[in-house]
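The values are calculated or read from the model by the stated rules, or taken from the named source; none is laboratory data. None of these values were measured; they are calculated from a predicted model. Here Cβ is always computed from backbone atoms with ideal geometry, including for glycine, and neighbour counts include all displayed protein chains.
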There are 2 protein chains.
Amino acid sequence: MLEDAGRVRLVDVPDPVIEQPGDALVRVSLAAVCGSDLWPFRGQEAFTPGDRMGHEWIGVVEEVGADVTRIRPRDLVLAPFAFSDGSCRQCRDGLFTSCPNGGFWGGRHDGGQAEAVRVPFADGTLVPVRTDADAELLRRLLPLTDVMATGAHAAVLADVRPGSAVVVLGDGAVGLCAALAARRARAGRIFLVGRHPERSDLARRMGATDILAADDPATIGFIQDETKGGVRSVAECAGTQSALDLATELVRPGGIIGSVGVPNGVDRVDLYRLFRHNIALRAGVTPARRYLEPLLAETLAGQLDASPVVSAEMSLEDVATAYRAMDTRQAIKIAIRP
Amino acid sequence: MLEDAGRVRLVDVPDPVIEQPGDALVRVSLAAVCGSDLWPFRGQEAFTPGDRMGHEWIGVVEEVGADVTRIRPRDLVLAPFAFSDGSCRQCRDGLFTSCPNGGFWGGRHDGGQAEAVRVPFADGTLVPVRTDADAELLRRLLPLTDVMATGAHAAVLADVRPGSAVVVLGDGAVGLCAALAARRARAGRIFLVGRHPERSDLARRMGATDILAADDPATIGFIQDETKGGVRSVAECAGTQSALDLATELVRPGGIIGSVGVPNGVDRVDLYRLFRHNIALRAGVTPARRYLEPLLAETLAGQLDASPVVSAEMSLEDVATAYRAMDTRQAIKIAIRP
């Protein structure tokens with residue numbers, strides 16, 4: 001739980017129980033700390049002391065409620081970072097994060113950085129893996145629940161097309177996954193603009209063809225020259241004002257900014273430039289549930305491996321250390337073993 | 001020309017001449033005053049005293065330069081509100097308003113509220129009508145050059161689909177044309193939200209199924225109830241902060257705001273709401289040239305009539321009166337006969 005800004009603490013709580021007939025109880029196999037967990041941790045986002053933490057996790061079902069039919073005990077399941085009823089208009093439209101009965105893990109709900117989680121609407125929310133998984137496969141599956149789904153969403157929002165040039169803004173786990181998603185969408189050239197030059201090798205492994213520094217004044221000119229005036233697709237994976245401003249400069253007339261970073265202190269949009277050049281702004285929290293089945297199938301087939309963004313693994317006892325390591329950028333993403 | 005804020009004056013200037021081999025000289029048959037002409041007129045937009053005025057016009061070609069092949073003398077032609085070279089990447093992509101060699105009528109260029117206009121890139125810019133036109137047909141053709149093309153662009157940006165519910169914000173000429181465009185795209189229900197109840201009959205004629213007052217606090221609730229939570233497509237045709245705010249409230253999760261009003265004093269976008277519900281914002285000046293051929297074909301076939309938005313006609317001598325009548329909302333759009 002988040003005790004106070006800068007203080008995450010492991011506490012014993014009663015085991016969750018089935019409360020509704022649609023619930024499942026899931027024992028967590030592997031969880032992770034997300035970049036967005038750092039915002040309340042840093043006090044940059046509102047939280048209530050005692051909030052439970054962790055929205056990236058996979059686990060094994062222990063028990064299901066009377067109405068649950070798709071999910072069975074002993075299933076290894078992927079949990080998208082939001083739960084949803086699976087039956088409302090928004091869910092039927094694939095917009096699971098706008099489900100009026102849905103919500104996010106953590107806070108008042110159980111968090112994934114824990115031993116067990118009560119999952120509402122288990123049939124609508126969870127995706128069973130239906131195969132045995134060793135530690136290596138668990139590490140490949142874990143990123144699908146959030147950062148890889150979000151990278152895929154960025155590529156969809158930015159409408160990445162085969163052979164096209166793409167700019168990815170951000171070299172955190174989401175940006176790296178967006179590069180992988182752009183490669184999966186067969187982009188011809190993938191410019192990754194970030195702040196961590198030490199991640200270059202990893203970025204190349206994830207699909208980036210050009211690694212550029214966000215704070216290098218030559219970056220904008222380089223991309224504009226190489227692409228003769230900017231790219232059609234920008235995947236904005238930081239959620240900051242400077243990233244949105246950069247996106248607006250690097251997108252070409254008629255292009256699209258796909259923005260998946262949670263807007264944090266972003267209060268200016270250069271609407272006149274968007275208007276003047278018919279540039280679409282498509283910002284959106286990832287309806288992760290929509291992406292889990294295809295990403296799972298590709299991962300099981302050995303065609304997709306997002307595990308390189310998991311840079312370390314720690315036990316649940318060391319969760320406070322994990323937050324500090326993420327906060328100081330010593331790690332991209334730390335997996336938490338309960 | 002615009003002499004000063006609030007002062008439009010007819011002045012004699014030398015007849016334009018062919019300057020470049022791609023030019024055409026066109027004698028204006030009919031022009032119009034546009035709502036956007038009122039902004040510099042009111043001093044709400046920068047202008048240079050002496051700016052020529054008028055970007056909505058049609059005319060008959062008098063003379064063409066040596067390189068002009070598609071356009072011939074005596075052709076009746078439609079002039080989109082921007083000229084463009086027709087050959088650059090942007091023009092090939094249909095994004096004529098982002099042509100690096102293009103520009104808008106008026107200001108330093110000849111304006112359409114005049115007797116004659118020099119047209120750069122005549123082959124790329126002008127669309128020949130290729131039929132005789134009486135006064136009635138001229139009135140039907142005139143709106144295609146701007147407001148009807150812009151209405152069509154709003155429906156495209158907002159991705160209006162057959163059978164769907166659409167909100168159009170604004171009951172000026174563009175909003176009315178957007179209603180017509182939504183009907184043309186076979187929308188099932190068209191909510192027009194405006195500020196001029198006296199335009200209700202006209203709005204219905206243009207395709208609106210429900211006419212609502214922007215300043216009525218019940219309007220939002222009515223639309224949300226009737227559409228079970230908002231519409232997928234909002235065509236924002238005012239360019240004001242209040243219209244954008246209203247669009248953000250009336251669009252449903254996963255929906256699209258298509259914004260064609262020139263942003264005037266708009267400096268806030270509720271990016272968090274867009275992000276939270278995957279709402280796309282597609283703002284764009286209309287590449288009118290893209291729409292002229294299909295709109296012309298439908299008009300000539302008698303399937304499309306945007307002329308009801310032309311509420312009066314005056315002679316060029318009375319252009320100052322026309323501005324005052326538009327400014328005081330006594331007229332929706334006034335045609336100017338040279």
Check: If a residue has to be over 23 Å from B:S98 (Cβ atoms) and facing another protein chain (nearest Cβ under 7 Å) to count, how many in the range B:241-269 make the cut?
Finding: 2
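The rows are residues; the columns are (1) surrounded by 12 or more Cβ atoms within 10 Å (Cβ to Cβ); (2) at pLDDT 90 or above; (3) under 15 Å from B:G107 (Cβ atoms); (4) among the aliphatic types (A, V, I, L, M).
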{"site": "B:M1", "(1), (2), (3), (4)": "yes, no, yes, yes"}
{"site": "B:V8", "(1), (2), (3), (4)": "yes, yes, yes, yes"}
{"site": "B:D12", "(1), (2), (3), (4)": "no, yes, no, no"}
{"site": "B:V17", "(1), (2), (3), (4)": "no, yes, no, yes"}
{"site": "B:P21", "(1), (2), (3), (4)": "no, yes, no, no"}
{"site": "B:A24", "(1), (2), (3), (4)": "yes, yes, no, yes"}
{"site": "B:R27", "(1), (2), (3), (4)": "yes, yes, no, no"}
{"site": "B:A31", "(1), (2), (3), (4)": "yes, yes, no, yes"}
{"site": "B:S36", "(1), (2), (3), (4)": "yes, no, yes, no"}
Next item on the list: Select from the range A:89-102 the residues that are within 13 Å of chain B (Cβ to nearest Cβ) and in contact (Cβ under 8 Å) with a residue 12 or more places away in the chain and list them in ascending order.
Entry: A:C91, A:G94, A:L95, A:F96, A:T97, A:S98, A:C99, A:P100, A:G102
Margin query: So B:A301 passes all but one of these: (1) surrounded by fewer than 16 Cβ atoms within 10 Å (Cβ to Cβ); (2) within 21 Å of the chain's Cα centre (by Cα). Which condition number does it fail?
Written below: (2)
Item checked: Matching residues in the range B:217-242 - criterion: being within 11 Å of B:G194 (Cβ to Cβ) and modelled with pLDDT of 95 or more -> B:T219, B:C237
Notebook entry, point to check: Looking at the range A:199-213, which of its residues are over 20 Å from A:T240 (Cβ atoms) and either within 17 Å of the chain's Cα centre (by Cα) or of a type in the set (D, E) (or both)?
Noted result: A:D201, A:M206, A:D210
Next item on the list: Could you tell me which of the residues A:F41, A:F83, A:F96 is among the hydrophobic types (A, V, I, L, M, F, W, C), in contact with a strand residue (DSSP E or B) (Cβ under 9 Å, 6 or more places away or on another chain) and farther than 21 Å from A:R130 by Cβ?
Entry: A:F41
Margin query: I need the strands (runs of 3 or more DSSP E) fully contained in the range A:1-119, keeping only those with at least 3 residues that are over 21 Å from A:T321 (Cα atoms).
Written below: A:24-32, A:56-64, A:76-79, A:116-119
Next item on the list: Run down B:G261, B:G254, B:G239 and say which single residue is on the phi > 0 side of the Ramachandran plot and within 19 Å of the chain's Cα centre (by Cα).
Entry: B:G239
Item checked: Extreme residue, farthest from A:G284 (Cα to Cα), among residues of the range A:217-238 that are buried (at least 20 other Cβ atoms within 10 Å of the Cβ) and in contact (Cβ under 8 Å) with a residue 60 or more places away in the chain -> A:V231
Next item on the list: For B:P120, indicate whether it is modelled with pLDDT of 95 or more and either touching a Lys or Arg at 6+ places or on another chain (Cβ under 6 Å) or away from every other protein chain (no Cβ under 14 Å) (or both).
Entry: yes
Notebook entry, point to check: Within the group B:G65, B:G112, which residue is away from chain A (no Cβ under 14 Å), under 20 Å from B:T286 (Cβ atoms) and either in contact with a helix residue (DSSP H, G or I) (Cβ under 9 Å, 6 or more places away or on another chain) or among the hydrophobic types (A, V, I, L, M, F, W, C) (or both)?
Noted result: B:G112
Checklist line | Counted residues, the range A:143-174 - those being in contact with a helix residue (DSSP H, G or I) (Cβ under 8 Å, 6 or more places away or on another chain) and more than 16 Å from A:P287 (Cα to Cα) | finding: 10
Next item on the list: Scan the range B:197-228 residue by residue and report those that are within 14 Å of chain A (Cβ to nearest Cβ) and either in contact with a Pro (Cβ under 8 Å, 6 or more places away or on another chain) or under 29 Å from B:L304 (Cα atoms) (or both).
Entry: B:T227
Checklist line | Which listed residue is under 21 Å from A:S259 (Cα atoms) and touching a Leu at 6+ places or on another chain (Cβ under 9 Å), from B:V269, B:V260, B:V309 | finding: B:V269
Next item on the list: Name every residue in the range A:270-286 that is in a loop (DSSP other than H, G, I, E, B), in contact (Cβ under 8 Å) with a residue 40 or more places away in the chain and facing chain B (nearest Cβ under 7 Å), in order of residue number.
Entry: A:G284, A:V285
Next item on the list: Check whether at least one residue in the range B:61-74 is within 27 Å of A:P253 (Cα to Cα), aliphatic (A, V, I, L, M) and touching a residue at least 40 places away in the same chain (Cβ under 8 Å), and report yes or no.
Entry: no
